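The values are calculated or read from the model by the stated rules, or taken from the named source; none is laboratory data. As the structure is a computational prediction, the values presented were derived from the model and not from experiment. We place every Cβ from the backbone using ideal geometry, glycine too, and count neighbours over all the protein chains shown. Accessible surface areas use protein heavy atoms only, side chains included; no ligands, DNA or RNA. Shrake-Rupley method; radii C 1.70, N 1.55, O 1.52, S 1.80 Å.
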Amino acid sequence: MTEPLPRASSADVALLLEGTYPYVSGGVSTWVHQIVRGFPDLRFAAVFIGSRPEDYGPIRYELPPNLVHLETHYLYDRAGLPPKRATAGDRAMYERVERLHEYFHAPLAHAGDEELLGSLGDELGHRLTYEDFLYSEASWRYIRGMFGRFSTDPSFVDYFWTVRNMHGPLWKLAAIRDRLIPARVYHTASTGFAGYLGALVHRRTGRPLVVSEHGIYTKERRIDLFSAEWIHDNRSVFQRDTTEISYYRQLWIRFFETLGRAAYDAASDIVALFEANRRRQVADGADPAKLTTIPNGVDLPRFAPLAAARPSPAPRVAALVGRVVPIKDVKTFVRAMRSVVNRLPDAEGWIAGPTDEDPAYARECEAIAADLGLADRVKFLGFRKVTELLPQVGVVVLSSISEGLPLVVLEGFASGAPAVTTDVGACRELVYGLAGEDAALGAAGRVVGIADPSALAAAVVELLADPDAWRAASAAALARVARYYAQDLVFARYRAIYERALAAPDAVRGRARAGS
């Protein structure tokens, strides 16, 4: 029998979490778990926003005692749709929506009045009802008009259902806002739907909103629109951050960009994990005055003993630690291991992570390993405790096509394991360091291009076959993580943000509070 979720009437910090903690394991979830445990004096609520209940399994973490409230919401669950009923709708409201649609199409530098987006959000569920959006004549006229003005695809049916699927969750977010647990601070781990919920609740309650972006949401959604195979075949196009995609994909991207602007506008503090993402946030409309950079941190005392537990010389094991999903490009790792084993016959490749998020993709990865004759050299281990795994590993490998600042690389560093990564997110600065004293610590591994099995294999072999190269990279890894990525440093930075936000007075900017 499933245990009831913890419930409370209020919290100090409400974490707004889209598709992550506590139902999905991974780097963001680990960060959330760290944050809650790192501030035992604060009472946390977790607000999980998912797609449909059947897309998620059980809770994957032992909830800390100071996580006093957990609520779950599903944006594409068809339960609770209003009954079909013909209605005229509020034509004046849809004229304002049309103005907003024009705002969506404006270049960011001339985006116009963000207050329009905020004020329309205030009306969601009130003058601008979900029932009207689904069934009213005003909505029908609006959708037809926008199709005629903007669509480059001839199919009105496709356009109609794209608009329905895209915008429908906004009313569900408004319903969540109207009954959300009261908190002194709202903290979202992304922009997107969770970030927009944060903007809605900030306008309703006046309480501060903190936005932490582990990856840039719009970039990740762009990646979701492609297959890993397409990226492998079109590396140069993908790396130019292409817009050479279909009209409907562009429509989704513009939609999420707009939600991101709303979150940025509402936030009191916006946190990036590393410098490149901070620059991307500014380009996407974030106010530089709100921005700060706080990397992920690692619990050094927990991982330091693992270095001494590793045999010498280091095991010829390359481990990919993470979910078996397309964005991790596990297929490239498997293909790279064929070359590694050709040159180092005793080498093994371990894939340590859950396979249930995308079972079809996991089966494809296993089939590739079998086809390449690697069934006994590439091992799919499933979920493993990283502290038990790392002493048995020579090199941590990350073959992803997108990342933020991957915690698994830091955990590997803290255990003395170098990393071979693709050139994504913060990986280059993690491996080689930022200019100056950081870079002077040396290379903590190697960085290669995305979707390049040959380059990945060569870098792995270079470290595993040469004990001197491995020891130099291990020493740089240990020094860098201790100096720049200790968990205590991260907690101190977030402590300052929380204390400032908790002490802030209410600043009601939008619609009157719920119940008024």
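Rounded to the nearest 10 degrees, the inclination of helix 91-105 to the longest alpha-carbon principal axis of the chain is 30 degrees.
Note on residue 506 and residue 367: the extension gain reaches 44.4 nm, defined as 0.36 nm multiplied by sequence separation minus the Cα-Cα distance. In the chain, the longest principal axis of the Cα atoms and the axis of helix 192-205 are about 50 degrees apart. What the phi angles of region 323-340 give under the Karplus curve with 6.51, -1.76 and 1.60, with θ = phi - 60°, is a coupling list of 5, 8, 9, x, 5, 7, 6, 5, 4, 5, 4, 4, 5, 5, 5, 4, 6, 4 Hz, glycine and proline written as x.
In this structure, the amide hydrogen of residue 403, modeled 1.01 Å from its nitrogen in the peptide plane, lies closer than 5 angstrom to those of 425, counting only residues at least 5 positions away or on a different chain. Between the beta carbons of residue 496 and residue 282, assuming R0 = 22 Å, the FRET efficiency works out to 0.55 to the nearest 0.05.
Dipole magnitude of the chain about its Cα centre, charges +1 at Lys/Arg Cβ and -1 at Asp/Glu Cβ only, in debye to the nearest 20? Let's see the in-between values first.
Numbers: 60 positive and 62 negative charges, 134 e Å.
Here the chain has a charge dipole of around 640 debye.
Relative contact order, whole percent, for the chain stands at 14, derived from Cα pairs under 8 Å and 6 or more residues apart.
In the chain, what percentage of the DSSP-assigned beta bridges are antiparallel, given to the nearest 5?
On the way: 0 of 48 bridges.
For the chain, the DSSP antiparallel bridge percentage is about 0.
Taking a straight Cα-Cα cut-off under 29 Å and skipping sequence neighbours fewer than 8 places away in the same chain, the lysines within cross-link reach of residue 331 are 219, 379, 385.
Ranked from largest, the principal axis spans of the Cα set of region 343-393 equal 32, 29, 12 Å. Listed by chain and number, the lysines whose C-alpha is less than 21 Å from the C-alpha of residue 172, apart from same-chain residues fewer than 8 away, are 84.
For the peptides 195-206, 360-371, 475-486, 258-269, what is the packing order when you average, over each peptide's residues, the other Cβ atoms within 10 Å and list the highest mean first?
Values: 195-206: 25.6, 360-371: 16.5, 475-486: 20.1, 258-269: 23.2.
Output ranking for 195-206, 360-371, 475-486, 258-269: 195-206, 258-269, 475-486, 360-371.
The mean sequence distance of close C-alpha pairs (under 8 Å, at least 6 residues apart), as a share of the length of region 174-213, puts its relative contact order at 48 percent. Karplus-derived 3J(HN,Hα) values for region 263-271, using 6.51 cos²θ - 1.76 cosθ + 1.60 with θ = phi - 60°, are 5, 4, 5, 7, 6, 8, 9, 10, 10 Hz; glycine and proline are entered as x.
From most to least packed by mean Cβ count within 10 Å, the peptides 346-357, 283-294 give 346-357, 283-294.
Between residue 289 and residue 343, the simple label model (points 7 Å from Cα in the Cβ direction) yields a spacing of 5.3 nm.
For the chain, the solvent-accessible area of protein heavy atoms averages 41 Å² per residue (probe radius 1.4 Å; ligands and nucleic acids excluded).
If I compute solvent accessible area with a 1.4 Å probe over the protein chains, what percent of it on the chain is carbon and sulfur? About 52 percent, which is the carbon plus sulfur part of the accessible surface.
Computed from label points 7 Å out along Cα-Cβ, the spacing between residue 434 and residue 309 is 3.2 nm.
With the highest mean first, a sort of the peptides 397-409, 155-167 on other beta-carbon atoms found within 10 angstrom per residue produces 397-409, 155-167.
Nearest 0.05, what FRET efficiency do residue 468 and residue 384 give at R0 = 25 Å with Cβ-Cβ as r? Write out the running numbers ahead of the final one.
Numbers: r = 29 Å, r/R0 = 1.17.
After rounding to 0.05, the efficiency reads 0.30.
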